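A short write-up of the structure that comes next.
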Amino acid sequence: MAETWDEAQLIADGFERVYVELEWYDGPRFGLADVDGKPHYFQNDDYGQDDEANEYRVWPADEAAVKLEREQWAIYARWNQRYEAGTVTTESHPGHGGIDTRYDELTLILAPHRQAPDDARRLVGELRFDAGDRYRVDGLDYWFRWRVQAAEDAGDHQVLR
């Protein structure tokens, strides 16, 4: 189990909330989180197995998209609560399509917002976890602290701004 922190300490240490998880593979890959106090999409396509902080493309999410993302996340989080309680199976997962009409509708509406623009910022995201439930209607149990990749960290990679 990962070490956990309380919310006040996370905020004091500069960590920001994650509201939506769209993909997890050996760590968060895609979702919606605060960056500099404002909601942004984050996306990481590097599936390497190192223990270092990950680099993400981040881009702003407008207010309407945030509202819809959080609505879709709430549908998923409520399904997950039922799944964890053993009252539903993975076959009823709303992401399969054809299960929850509103979830499907939101997927179509949100698709263009989820495409990283060419000018997306590149930031390194450091993770910490709180002690709450993994999946909650209001977000997740992990938080990010964002930074620009330092030149000495970049190695053979382009310095990120």
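The values are calculated or read from the model by the stated rules, or taken from the named source; none is laboratory data. As the structure is a prediction and not an experimental result, all values here were calculated from the model. FYI the Cβ positions are ideal-geometry reconstructions off the backbone, even for glycines, and counts take in every protein chain you see.
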Discussion item. Against the conditions (1) over 19 Å from the mean Cα position of the chain (by Cα); (2) basic (Lys, Arg); (3) buried (at least 17 other Cβ atoms within 10 Å of the Cβ), where does ARG70 fall short? Just the number, please.
Written reply: (1)
Discussion item. Can you tell me which condition ALA116 does not meet? The list is (1) in a loop (DSSP other than H, G, I, E, B); (2) closer than 22 Å to THR4 by Cα; (3) among the aliphatic types (A, V, I, L, M), and all the others hold.
Written reply: (2)
Discussion item. I need a count of the residues in the range 73-105 that are over 24 Å from ASP34 (Cα atoms), of a type in the set (A, V, I, L, M) and surrounded by 11 or more Cβ atoms within 10 Å (Cβ to Cβ).
Written reply: 2
Worksheet item: Restricting the first residue to the range 16-31 and requiring it to be closer than 16 Å to ALA53 by Cβ, which pairs with a second residue that is polar (S, T, N, Q) and not in a strand (DSSP E or B) meet a Cβ separation below 9 Å and a spacing of at least six or different chains?
Response: ASP26/GLN49; GLY27/ASN44; PRO28/ASN44; ARG29/ASN44
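Give PHE30, PHE15 a once-over and let me know the one that is more than 18 Å from ASP130 (Cβ to Cβ), under 14 Å from the mean Cα position of the chain (by Cα), surrounded by 13 or more Cβ atoms within 10 Å (Cβ to Cβ) and modelled with pLDDT of 95 or more.
PHE30
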Item to complete: Confirm whether ILE99 is out of contact with any Phe, Trp or Tyr (no Cβ under 7 Å at 6 or more places or on another chain), modelled with pLDDT of 95 or more and within 19 Å of LEU140 (Cβ to Cβ).
Response: no
Practice prompt. Considering each of ARG122, ARG128 in turn, give the residue that is within 16 Å of GLU21 (Cα to Cα), of a type in the set (Lys, Arg) and at pLDDT 95 or above.
Written response: ARG128
Item to complete: State yes or no: is LEU140 under 19 Å from the mean Cα position of the chain (by Cα), at pLDDT 95 or above and closer than 15 Å to ARG29 by Cα?
Response: yes
